[in-house]
1. Please find, among GLU34, GLU83, GLU52, the residue that is among the acidic types (Asp, Glu) and surrounded by 15 or more Cβ atoms within 10 Å (Cβ to Cβ).
2. Among the listed residues PHE64, PHE32, which satisfies the condition of being assigned to a helix (DSSP H, G or I) and not aliphatic (A, V, I, L, M)?
3. Determine whether TYR89 is out of contact with any Ser or Thr (no Cβ under 9 Å at 6 or more places or on another chain), among the hydroxyl-bearing types (Ser, Thr, Tyr) and outside any helix (DSSP H, G or I).
Amino acid sequence: MIQPLECIDRLYLDLMYILYESHSEKSANKKFVEILEKALSLSSKPNRGRLEDNLSYLNKRHRFLVYAITRRRTVKIIYFVDESKKTVYVTDFFATEMHPSKIQLRG
């Protein structure tokens, strides 16, 4: 099961901003849906993402998947898995052109 966190509205808005600032409405909408589908696909294979070293201090074993917005721009879908609840929590959509230390501030 994928479980959104309370801050999911902010995450969606951040993601939409990233997409709409550099794409047409049609292209941004398509990419938005593709990113959400990729996040939802975590319910079948939640541990397939790589560990996110920048969030290791939280001790939740955050992982990420990468979605290519363009050849030069990507978004990390950052999440962790609560094995006891069999639930995936998406915690961020992080534009990789941002400075990596900002992951810790947003985590």
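Nothing in this text is a laboratory measurement; each read-out follows from the coordinates by a stated rule. On a predicted model such as this, the values are computed, not experimentally measured, just so you know. Cβ placement follows ideal geometry from the backbone for every residue including glycine, while neighbour counts extend to all protein chains displayed.
1. Answer to the selection: GLU52.
2. It is PHE32.
3. Spelling it out, TYR89 is indeed out of contact with any Ser or Thr (no Cβ under 9 Å at 6 or more places or on another chain), among the hydroxyl-bearing types (Ser, Thr, Tyr) and outside any helix (DSSP H, G or I).
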